[in-house]
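Have a look at the structure below before the remarks.
The values are calculated or read from the model by the stated rules, or taken from the named source; none is laboratory data. All of these numbers come straight from a predicted model, not from anything done at the bench. Backbone-built Cβ (ideal geometry, glycine too); neighbour counts: all protein chains shown. Calculation scope for accessible area: heavy atoms of the full protein, side chains included, ligands and nucleic acids excluded. Shrake-Rupley method; radii C 1.70, N 1.55, O 1.52, S 1.80 Å.
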Amino acid sequence: MALYLYLQFPALQLDNVSIAATSALPLAVVDEQHRIIQLDSLCAERGIKFGMTLGSAAALCHNLQLIPYQHTRQLELLDAVAQQLYQLSPDIALDPPDGLYLRLCQILRLYQGLDSYWQRIQTALSAMPYRYFYATGNTPLAAKCLARQQLNLISSDGEALLAQLQRSPLRFTDLSPDIQQQLQRLGLQQLGQVMALSQAELARRFEHGLLSYLGRLRGEFYHALDYIQPQQGFSSTLELLYDIIDTAVLTTPLKLLLQQLEQQLKRADALCHQLLLEIRFRTQKALTVIISSVQGEYRAAQWLRLCQLKLETVRLTEPASGIKLDVPRFAPQRPDSNTLFQPVQGAMSALQLTSVLQARLGRAAVSGLSLQNQHLPEQASGRPLPFSTVNNEVPALAVRPAFLFQSAIALTEQVELNSGPERFCINRWQPQLQRDYFIGRNRQGQWLWLYRTAEQRWFVQGMFS
Amino acid sequence: MSALLEQLTRRQLLWHGNSQQAAYQAVASGYAELDKQLAGGLPANGLIEIQTEQGIGELRLLLPYLQQQHQDGRLLVMISPPADPCADMLAGAGINLAQLLVISVKNNKEALWAAEQCLQSGCVAAVLLWQVLLRLAQARRLQLAAEQGNASLILLRRPQAALSLPVNLSLTLAAHPYGVLLNVNKRKGGWPAGPFLVDMQSRWPALSYRYDGLKQAQRKAG
């Protein structure tokens, strides 16, 4: 027999904001018609109710904080919750704006029963800041109807669920207000009374919507659900309750996002090399900061350290109103190839150290050194990215100075030549470009690498050390 | 009286002239005369201060030491070198370029920060730091970081009459036609040593003075 779970999140947008809040002020979300549609426990204590107008709510509570309802934001959050739950339960369909259908038929075999399945789902949900109501049902709509009554009912007993469903008041169904009113005028208050009536009678007196709803509720009609596909990568947004201009303070809300990322990476057994942190402002365009790790990390603590270093170099000109963390790609976890008995040398690996240095000093400031197969001194040393593959085939040339100046300096002092010349002819057809290299020592005892051009002019190319 | 001596010894307030235990683990420098003067070689970790002019052979003095230090697969780091390091020379001296990091910094603060990060990490064998201003407290901090990560920090600075820093070893180098003239200013657990010559003629024949060579090429450019 089919079994569905319905999860309803009464205050997604509100709960998402209040995790960043530290003060105990009553918060509520209002829609465009100035009705309260999401409220927190503090509001409820003051007597504010769902659907109340803004005027009455403000009269009840003078320091009420309001957040405008954003439909796209709500959908983003709902989708994020679904993506998190996808790791535990594969068949999830969205029911905008605040519900999720979970199909349990196949998955219960994996968890060996409804109880252990629900335990896992509950653990995952408790890691999120959202309040929720839930119920199971034999069809998606039955589960939804029970969950909307806030019954919090987990059972696979079909008879009990049906009995509960038949006791449900009509206002918790998906029927249009017109049909509900018509039914109430007939003295029908509960769903069971409607279901007891013959279908032919109902078809004659009511419009098509009622029959189709009842058919889907009973499971007689096919109810198509659009199950979600897992997303690649990670994306999460956090609206800040207060504008933040100090980047050091910004790391506190960022930590929450990184912890979510860590959970997702852990479940996918993956790591990521790059984070895109978008800092949103009220008037300016959003600023995107790229934080990268050469080694690839999944731990929130490591990413937080890199973010802190990177954010130290960022100066905000306007207070930030929100942050968004994007990870476009995950990379597979690489197994550690170190042997078990090798002594642990330090807390960090070379790649981690490079990431830390790059985060603070900039990517270009940290480089490796490689031998190029070039005889020209200007091109003989490459400055690749650290630890890029080194060409071992190239033999090192004989006597070369330790340091080469980026552009040769004209010689202005007395130098005693010690050895040479070594002739470099850059192109055979350009004899005027030839250089004769010498090793010389100046009065201070410094060893210099000099060259003489075809026009007998002298330059210092480098310095032995 | 003997009871008092015993008490002082136990609290490590008394230093015996004849107790010759090494204050640090020494790594052979590759130059016999230097090893003899330093009773074994250069310290394997901690701070080494070298007061020197540029280009007189200071890096050549250190290359065998650096080569030994990074043999265990750890990194060598160069922070703000005076000019672009040349791969040929380092590779020729046996330095594995895959284990070398070159860091360029904008200011003194960044240089010190990078040095501390490298020293602490445990994956770095030696850090070479050029021309950096260092206060006493900063030197102490770097020394602690170096001990934590079992790494050595080599400070290459111009000769200066500043306060002596808490370093394991402090050397002054002077130019010499056959190598460098070396003076041990300070050594942990040992005595300073007078100027002596570290001969590099056999190791670097091209970079030691030849009387017969190219006298005629002496010239003044203008």
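Just checking, does segment A:51-69 include any residue being of a type in the set (V, I, T) and farther than 30 Å from A:I244 by Cα?
Within segment A:51-69 (the criterion being of a type in the set (V, I, T) and farther than 30 Å from A:I244 by Cα), the answer is yes, since at least one residue qualifies.
Out of segment A:104-148, which residues are under 26 Å from the mean Cα position of the chain (by Cα) and farther than 23 Å from A:Q260 by Cβ?
Passing the criteria: none in range.
Need the failing condition index for A:A57 against (1) open to solvent by 50 Å² or more (accessible area, probe 1.4 Å); (2) touching a residue at least 24 places away in the same chain (Cβ under 8 Å), just the number.
(1)
Answer yes or no as to whether A:L376 is in contact with a Pro (Cβ under 9 Å, 6 or more places away or on another chain) and either among the hydrophobic types (A, V, I, L, M, F, W, C) or over 19 Å from B:L76 (Cα atoms) (or both).
no
Do we find that A:A300 is at pLDDT 90 or above and of a type in the set (G, A, S) in this structure?
Answer is yes for this residue.
Just one of B:A126, B:A146, B:A139 is away from chain A (no Cβ under 11 Å), assigned to a strand (DSSP E or B) and either farther than 30 Å from A:L357 by Cα or at pLDDT 85 or above (or both); which is it?
B:A126
Looking only at segment B:91-123, which residues are of a type in the set (A, V, I, L, M, F, W, C), within 7 Å of another protein chain (Cβ to nearest Cβ) and over 20 Å from A:Q358 (Cβ atoms)?
Residue satisfying the conditions is B:A91 alone.
Scan A:L27, A:L88 and give me the residue that is at pLDDT below 90, aliphatic (A, V, I, L, M), closer than 30 Å to A:G233 by Cβ and in contact with a helix residue (DSSP H, G or I) (Cβ under 7 Å, 6 or more places away or on another chain).
Just one listed residue meets the conditions, A:L88.
Return the total of residues in segment B:186-207 being under 18 Å from B:E58 (Cβ atoms), in a strand (DSSP E or B) and open to solvent by 30 Å² or more (accessible area, probe 1.4 Å).
5
Quick one: would you say A:E278 is in contact with a Cys (Cβ under 9 Å, 6 or more places away or on another chain) and either at pLDDT 90 or above or under 17 Å from A:A359 (Cα atoms) (or both)?
No: the conditions fail for A:E278.
Mind listing whichever residues of segment A:32-43 are out of contact with any Ser or Thr (no Cβ under 8 Å at 6 or more places or on another chain), loosely packed, with under 14 Cβ neighbours inside 10 Å and either assigned by TED's automatic domain parsing to the domain that holds A:L100 or modelled with pLDDT of 85 or more (or both)?
The answer is A:E32, A:Q33.
Taking segment A:421-450 as the region of interest, how many residues are open to solvent by less than 70 Å² (accessible area, probe 1.4 Å) and within 30 Å of B:L182 (Cα to Cα)?
Residues meeting the conditions: 12.
Which residues, counting only those in segment A:302-332, are closer than 18 Å to A:L238 by Cβ and assigned to a helix (DSSP H, G or I)?
A:W303, A:L304, A:C307, A:Q308, A:K310, A:L311
Among B:L136, B:L156, which is without any contact (Cβ under 8 Å) to a residue 40 or more places away in the chain and within 23 Å of B:N107 (Cβ to Cβ)?
B:L136
I need the helices (runs of 4 or more DSSP H) fully contained in segment A:139-222, keeping only those with at least 1 residues that are in contact with a helix residue (DSSP H, G or I) (Cβ under 9 Å, 6 or more places away or on another chain), within 20 Å of A:Q8 (Cβ to Cβ) and basic (K, R).
Qualifying helices (runs of 4 or more DSSP H): A:140-148, A:208-218.
Within the set of pairs 6 or more residues apart or between chains, which connect a residue that is in contact (Cβ under 8 Å) with a residue 24 or more places away in the chain inside segment A:312-328 to a residue that is open to solvent by 10 Å² or more (accessible area, probe 1.4 Å) and in a loop (DSSP other than H, G, I, E, B) with Cβ atoms less than 6 Å apart?
Close Cβ pairs satisfying both conditions: A:L316/A:I245; A:E318/A:Q284; A:P319/A:I245; A:S321/A:R282.
Go through (1) touching a residue at least 24 places away in the same chain (Cβ under 8 Å); (2) open to solvent by 80 Å² or more (accessible area, probe 1.4 Å) and name the single condition A:I290 misses.
Just one mismatch for A:I290, condition (1).
Here is a list of conditions, (1) outside any loop (DSSP other than H, G, I, E, B); (2) over 28 Å from A:T123 (Cα atoms), and A:E239 meets all of them except one; can you say which number that is?
Just one mismatch for A:E239, condition (2).
For the structure I just gave you, tell me whether B:A44 is aliphatic (A, V, I, L, M) and in contact (Cβ under 8 Å) with a residue 40 or more places away in the chain.
Considered against the rule, which asks whether it is aliphatic (A, V, I, L, M) and in contact (Cβ under 8 Å) with a residue 40 or more places away in the chain, B:A44 comes out as yes.
So which residues in segment A:397-420 are in contact with a helix residue (DSSP H, G or I) (Cβ under 6 Å, 6 or more places away or on another chain) and surrounded by fewer than 18 Cβ atoms within 10 Å (Cβ to Cβ)?
Answer for segment A:397-420, where residues must be in contact with a helix residue (DSSP H, G or I) (Cβ under 6 Å, 6 or more places away or on another chain) and surrounded by fewer than 18 Cβ atoms within 10 Å (Cβ to Cβ): just A:S419.
Which of the residues spanning segment A:117-138 are open to solvent by less than 30 Å² (accessible area, probe 1.4 Å) and either in contact with a strand residue (DSSP E or B) (Cβ under 6 Å, 6 or more places away or on another chain) or without any contact (Cβ under 8 Å) to a residue 24 or more places away in the chain (or both)?
Answer for segment A:117-138, where residues must be open to solvent by less than 30 Å² (accessible area, probe 1.4 Å) and either in contact with a strand residue (DSSP E or B) (Cβ under 6 Å, 6 or more places away or on another chain) or without any contact (Cβ under 8 Å) to a residue 24 or more places away in the chain (or both): A:A135, A:T136, A:G137.
Filter segment A:84-112 down to residues that are in a loop (DSSP other than H, G, I, E, B) and open to solvent by less than 30 Å² (accessible area, probe 1.4 Å), then give me how many there are.
4
Go through segment A:355-382 and give me each residue that's basic (K, R) and either facing chain B (nearest Cβ under 7 Å) or surrounded by 17 or more Cβ atoms within 10 Å (Cβ to Cβ) (or both).
A:R360
Any idea which of B:L156, B:L128, B:L173, B:L134 is touching a strand residue (DSSP E or B) at 6+ places or on another chain (Cβ under 6 Å) and either open to solvent by 20 Å² or more (accessible area, probe 1.4 Å) or farther than 26 Å from A:R383 by Cβ (or both)?
Step by step, each of B:L156, B:L128, B:L173, B:L134 is checked, and only B:L173 is touching a strand residue (DSSP E or B) at 6+ places or on another chain (Cβ under 6 Å) and either open to solvent by 20 Å² or more (accessible area, probe 1.4 Å) or farther than 26 Å from A:R383 by Cβ (or both).
Which condition does B:S104 not pass, out of (1) hydroxyl-bearing (S, T, Y); (2) surrounded by fewer than 22 Cβ atoms within 10 Å (Cβ to Cβ); (3) farther than 28 Å from A:N373 by Cα, if it passes all the others?
Condition not satisfied by B:S104: (3).
Are any residues in segment A:366-408 of a type in the set (F, W, Y) and modelled with pLDDT of 80 or more, and if so, which ones?
Selection gives A:F403, A:F405.
Are any residues in segment A:398-432 more than 8 Å from chain B (Cβ to nearest Cβ) and free of Cβ contacts under 8 Å to residues at least 12 places away in the same chain, and if so, which ones?
A:S407, A:C425, A:N427, A:R428, A:W429, A:Q430 - these are the residues of segment A:398-432 that are more than 8 Å from chain B (Cβ to nearest Cβ) and free of Cβ contacts under 8 Å to residues at least 12 places away in the same chain.
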